[in-house]
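Chemist: Sharing a structure, written as structure tokens. Questions coming.
The values are calculated or read from the model by the stated rules, or taken from the named source; none is laboratory data. Computed from a predicted model, the values in this text were never measured in an experiment. Neighbour counts run over all protein chains shown; Cβ positions are idealised from the backbone, glycine included.
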Amino acid sequence: MTVLGWTRHRTNLPSGVRSLHCGDWTILVSDDPSIQTARHRLAAQVSCFDAGLDFLPTAPAQNIAIYDATSFTRTTDLDALWRKLSDRGQFSVAVRMAADQEHRTQDGRSWLKTRQAQRQRQRHCGTMLADIVAHLKLPTTQPRHTENSASCDVLVQRDDTNRVHNAMQHLARLMQGPPDMRLCVTGLWPPFGFVDLTSKTEAAE
Amino acid sequence: MSLALEMATPQDAIRSSDTALVDVVDGLLRHGVVIRGELWLTVADVDLVFLGLDLLLASPDKMRPEGITR
């Protein structure tokens with residue numbers, strides 16, 4: 001049994017998903033034996049979300065036991081989270097640059113220079129990402145950085161998806177960057193980046 | 001120059017083998033905080049010493065590739 005998340009809804013569940021009632025909450029579970037990995041759990045959660053189901057998703061990397069999912073309904077302020085996240089999803093927004101072609105260096109000095117250039121690209125991506133999300137005026141997560149990219153999640157109301165899509169297209173045209181810089185947007189995902197579940201019991205320990 | 005815009009649905013990203021989309025999915029699967037620091041010691045515009053620090057802060061559950069199973 002795989003726990004996918006929590007919802008207030010008790011009807012119109014996607015096929016393959018069943019509900020376990022726990023007070024005012026419904027725990028969404030799947031008995032599909034092929035769901036073995038974090039990526040499988042993510043795919044199952046995305047299917048539920050695409051089917052229009054509004055729910056608070058578990059972190060895909062965690063295979064939460066049903067006991068813990070039940071416990072969370074008593075020890076965590078799911079109501080506050082629901083008010084914040086119901087009817088919402090997230091876009092993952094990334095600014096990327098092409099990887100440095102001179103990565104294989106011959107000596108220490110050229111390695112240092114390459115490293116400095118990477119750092120410059122990383123800063124450039126981060127600055128561009130900050131400018132773009134500032135224009136959107138929507139809640140975002142902290143930026144994540146890799147060698148050639150900066151990314152974050154943007155919380156979006158489901159019925160606002162098209163407006164945000166259009167805004168991204170407008171911003172991509174508006175922003176000026178190097179030829180190899182691109183704006184990558186994926187979504188709409190369940191709002192994984194905004195679900196912060198810490199039980200009151202654990203927090204007090 | 002304007003930025004090239006690439007848009008993809010979650011289904012595209014999950015099925016894709018494109019590096020950028022795989023990175024997005026991996027980002028969703030991993031939860032944690034990464035602190036990254038770099039220190040350069042430079043004298044007369046010559047880089048002498050480089051110190052790099054990557055520190056990952058996450059709960060033990062989140063550090064396991066497939067999460068916890070109880």
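Chemist: Within region A:72-110, work out how many residues are out of contact with any Phe, Trp or Tyr (no Cβ under 6 Å at 6 or more places or on another chain), modelled with pLDDT under 90 and part of a loop (DSSP other than H, G, I, E, B).
Modeler: 11
Chemist: Only one residue in A:Thr58, A:Thr37 is of a type in the set (Ser, Thr, Tyr), surrounded by 21 or more Cβ atoms within 10 Å (Cβ to Cβ) and closer than 24 Å to B:Val24 by Cβ, so which one is that?
Modeler: A:Thr58
Chemist: So, in region A:61-82, of the ones that are touching a residue at least 40 places away in the same chain (Cβ under 8 Å) and of a type in the set (Ser, Thr, Tyr), which residue ends up surrounded by the most Cβ atoms within 10 Å (Cβ to Cβ)?
Modeler: Looking at the filtered set, the residue picked out is A:Thr76.
Chemist: Could you say which residue among A:Arg173, A:Arg109, A:Arg123, A:Arg119 is basic (Lys, Arg) and either surrounded by 17 or more Cβ atoms within 10 Å (Cβ to Cβ) or under 22 Å from B:Ala8 (Cα atoms) (or both)?
Modeler: Details: A:Arg109 fails: either surrounded by 17 or more Cβ atoms within 10 Å (Cβ to Cβ) or under 22 Å from B:Ala8 (Cα atoms) (or both); A:Arg123 fails: either surrounded by 17 or more Cβ atoms within 10 Å (Cβ to Cβ) or under 22 Å from B:Ala8 (Cα atoms) (or both); A:Arg119 fails: either surrounded by 17 or more Cβ atoms within 10 Å (Cβ to Cβ) or under 22 Å from B:Ala8 (Cα atoms) (or both).
Criteria check complete, one pass: A:Arg173.
Chemist: Given the condition more than 30 Å from A:Arg18 (Cα to Cα), surrounded by fewer than 17 Cβ atoms within 10 Å (Cβ to Cβ) and not β-branched (Val, Ile, Thr), answer yes or no: does some residue in region A:83-98 qualify? Reasoning before the result, please.
Modeler: Narrowing region A:83-98 to residues more than 30 Å from A:Arg18 (Cα to Cα): A:93-98.
Filter again for surrounded by fewer than 17 Cβ atoms within 10 Å (Cβ to Cβ), leaving A:98.
This time we only want the ones that are not β-branched (Val, Ile, Thr), so: A:98.
Within region A:83-98, one or more residues are more than 30 Å from A:Arg18 (Cα to Cα), surrounded by fewer than 17 Cβ atoms within 10 Å (Cβ to Cβ) and not β-branched (Val, Ile, Thr).
Chemist: Let me ask something else about it. Regarding A:Gln62, is this residue modelled with pLDDT under 90 and facing chain B (nearest Cβ under 8 Å)?
Modeler: The answer is yes for A:Gln62.
Chemist: Now, a different point. With respect to A:Gln142, is the statement that it is in a helix (DSSP H, G or I), of a type outside the set (A, V, I, L, M) and without any contact (Cβ under 8 Å) to a residue 60 or more places away in the chain true?
Modeler: no
Chemist: Pairs only if they're at least six apart or on different chains, beta carbon under 7 angstrom, first in region B:7-36 and under 17 Å from A:Val95 (Cα atoms), second in a helix (DSSP H, G or I) and modelled with pLDDT under 85; list them, first residue then second.
Modeler: Close Cβ pairs satisfying both conditions: B:Ala8/B:Leu21; B:Ala13/B:Leu21; B:Ala13/B:Val24; B:Ala13/B:Val25.
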